[in-house]
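Trainee: Handing you a structure now.
Bear in mind these aren't lab numbers, they're just calculated from the coordinates by the rules spelled out. What you see is a predicted model, and the numbers here were worked out from it, not measured in a lab. Neighbour counts run over all protein chains shown; Cβ positions are idealised from the backbone, glycine included.
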Amino acid sequence: MTINVLGINHKSAPLEVREKLAFNKKSLPSALNDIKKIDGVNGVILLSTCNRTEIYTENDFDNNKILDWLNKQSTVDSFESFTYNHYQEDAIQHLFNVTSGIDSMIIGENEILGQVKHAFKIADQQKVVSSPLKRLFEYSFSVAKDVRTNTDIGSNPVSFMFTSITLIKKIFDNIQDKKAVILGSGHMSQLAVKYLQSQKIKDITLVSHNTEKGRRVADENECSFAKIQHLGSLISSSNIVISSTSSTTPIIGKGLIESCIKNSSSLPIVIVDLGVPRDAEPEIYELENVYLYTIDDLGKVIKNNYKIRKDAVIEAEKIIGYKISEFKKWLLQNNSSDLIKDYRGYIDNITDGVTIKAKKMIQSGQDTNEVINYLAESLKNKLTHETTTKIKEIIPLLDESSVIKAKNIFKKK
């Protein structure tokens, strides 16, 4: 069994591809169970965030069968060129980089660790996590803790929301008197409210499909609440729209914004779309007096402006390298335990069969010495024939040191 990862992320694929390969909370359980049923897959964990979709498996084969399955779920033609495949040590290192924040669009960001833990929890609840995968992910959480504790990689990270406010301030000289609409009631939406309030914006309305949750979140964050059907009139009277929902289709269409512009008394309008899949249609880019920023637009700004101390990344990579060696030792020990278990089972099958026949020979009155000779000769032949055949196949593949160790197994005491 090999630990594999098949994925796409912000480095390998643009937003228009990533959004079509994203899995939401509702689709994750069925996806996990579908992958687990693929021939050769012993365990699976599926991580899907705004910046990545990654399928981790303990797998008998390569990732081609999983790629075929993913191809059937996707509406993207020929997305394979955007994917990456990592096997065994490379897959282990990739996961450690992800949980530690090294592989994030915002290096050192904290949110990814919680997202990986959630992906692990969902897979564990579905009972699709094998022992090596379980051990690997639990170990990756401690790796992330070590990296964040012993390096400066997570100190003062530049966030999407901080960057959003920076871009909004470039459009408006003074944002304190502006009106804002927040679409969604999740973590990012609540964070948006807090950031806007920190800029002394008082007129903030939260809009959500889920009325009960939306009202509660609005009350907790001391802002107004409105139902989704009022979105058009709200945008018409607002300057700032920040959207972060789990909708699979765009909520803010070009037609809606065109209508809002005609009726607006508050131009220009800045729309920050943090949704993956996107909440706003990309055609909105074409409209005058409307500034649309997607999560990839924010990522470009962060990449250009963000400077992290190189020694923090180097130190993090050293820790991860050491942790990879530690995990590989456990993996080898686990594999050797499985090998010993299989070997004992193999011996039991042979001895059980020969013993049953020997007992029948004694019961039928055959001479005891003949039975003992039969027993000894049968065990010798059965135990040595297949073993010697396999040794002849394996020895040419071993280095000199390993050959000596193999010979010592059969050394007379």
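Trainee: Would you tally the net charge around Lys213, using a Cβ to Cβ cut-off of less than 14 Å, leaving Lys213 out, and scoring K and R as +1, D and E as -1?
Mentor: With Lys, Arg at +1 and Asp, Glu at -1, the neighbours total +1.
Trainee: Which whole-number value in Å³ per residue fits the convex hull of the alpha carbons of the stretch 195-251?
Mentor: 90
Trainee: Which percent of Cα pairs goes in each bin when the distances of the stretch 160-300 are cut into 10 angstrom slices starting at zero?
Mentor: All Cα pairs, binned at 10 Å, distribute as 12, 49, 36, 3 percent.
Trainee: Quick check on the chain: of the DSSP beta bridges with both residues there, what percent are antiparallel, nearest 5%?
Mentor: Percentage antiparallel, nearest 5: 45.
Trainee: While we're on this one: Just checking my list (1) 52; (2) 62; (3) 47 against percent of Cα pairs over 27 Å apart computed from this structure; which label fits?
Mentor: The value matching this structure is (2).
Trainee: Counting Lys +1, Arg +1, Asp -1, Glu -1, what net charge surrounds Ser325 among other residues with beta carbon under 12 Å of its beta carbon?
Mentor: Summing Lys and Arg as +1 and Asp and Glu as -1 gives +2.
Trainee: Right, here's the next one. If you scale each eigenvalue of the Cα gyration tensor by 5 and take the root, what three semi-axes come out for the stretch 1-141, rounded to whole angstrom and sorted largest first? Could the numbers behind the result be given before it?
Mentor: Numbers: eigenvalues 73, 71, 42 Å².
In descending order, the three semi-axes are 19, 19, 14 Å.
Trainee: To the nearest 20 debye, what charge dipole does the chain have about its Cα centre, counting +1 at the Cβ of each Lys and Arg and -1 at the Cβ of each Asp and Glu? If you can, show how the numbers build up before the last one.
Mentor: Details: 54 positive and 51 negative charges, 230 e Å.
So the dipole magnitude of the chain works out to roughly 1100 debye.
Trainee: Now a separate question. Roughly how tilted is helix 160-171, in degrees to the nearest 10 and between 0 and 90, from the longest Cα axis of the chain?
Mentor: Once rounded, one gets 20 degrees.
Trainee: Let me ask you something else. Could you tell me which of Asn9, Pro250, Gln363 has its Cα farthest along the dipole of the chain towards the positive end, charges placed at Cβ (Lys, Arg +1; Asp, Glu -1), taken about the Cα centre?
Mentor: The residue sitting farthest along the positive end of the dipole is Gln363.
Trainee: Then there is this: Starting from the Cα of Lys200, draw a straight line to each of the lysines and keep only those under 26 Å, dropping any in the same chain fewer than 8 residues away.
Mentor: Lys169, Lys170, Lys178, Lys179, Lys213, Lys227
Trainee: From the helices alone, meaning DSSP H stretches of at least four residues, give me the mean residue ellipticity at 222 nm for the chain, per-run term -39500 (n - 2.57), in deg cm²/dmol to the nearest 500. Can you show the working numbers first?
Mentor: Numbers: 15 runs with 222 residues, N = 413.
Result for the chain: -17500 deg cm²/dmol, rounded to the nearest 500.
Trainee: On to the next question. Pairs Lys26/Lys262; Lys11/Lys72; Lys11/Lys323: which exceed 31 Å Cα-Cα?
Mentor: Lys26/Lys262
Trainee: Give the lysines reachable from Lys392 as a straight Cα distance under 23 Å; neighbours fewer than 8 places away on the same chain don't count.
Mentor: Lys341, Lys380, Lys382, Lys405, Lys407, Lys411, Lys412
Trainee: Gaussian network model of the chain, Cα springs within a sub-10 Å range: biggest mean-square fluctuation belongs to which of Pro132, Pro396, Pro268?
Mentor: Maximum among the listed residues: Pro396.
Trainee: Extension gain His187-Glu258, at 0.36 nm per residue separation less the Cα-Cα distance, in nm?
Mentor: Answer, rounded to one decimal: 22.6 nm.
Trainee: Let me ask something else about it. If you average the alpha carbon positions of the stretch 1-56 and of the stretch 108-150, how far apart do those two centres end up, in angstrom?
Mentor: The distance from the Cα centre of the stretch 1-56 to that of the stretch 108-150 comes to 15 Å.
Trainee: Counting other Cβ atoms within 10 Å, which trypsin sites (Lys or Arg not before Pro) in the stretch 1-102 have at most 13 and lie in a DSSP loop?
Mentor: Lys11, Lys25, Lys26, Lys37
Trainee: Relative contact order for the chain: what percent, with Cα pairs under 8 Å and sequence separation of 6 or more? Write out the running numbers ahead of the final one.
Mentor: Numbers: 572 pairs, mean separation 55.8, N = 413.
Result for the chain is 14 percent.
Trainee: What ranking of Ile302, Ile257 emerges when the number of other C-beta atoms within 10 Å of each C-beta is taken as an exposure proxy, fewest first?
Mentor: Sorted ascending by nearby Cβ count, the order is Ile302, Ile257.
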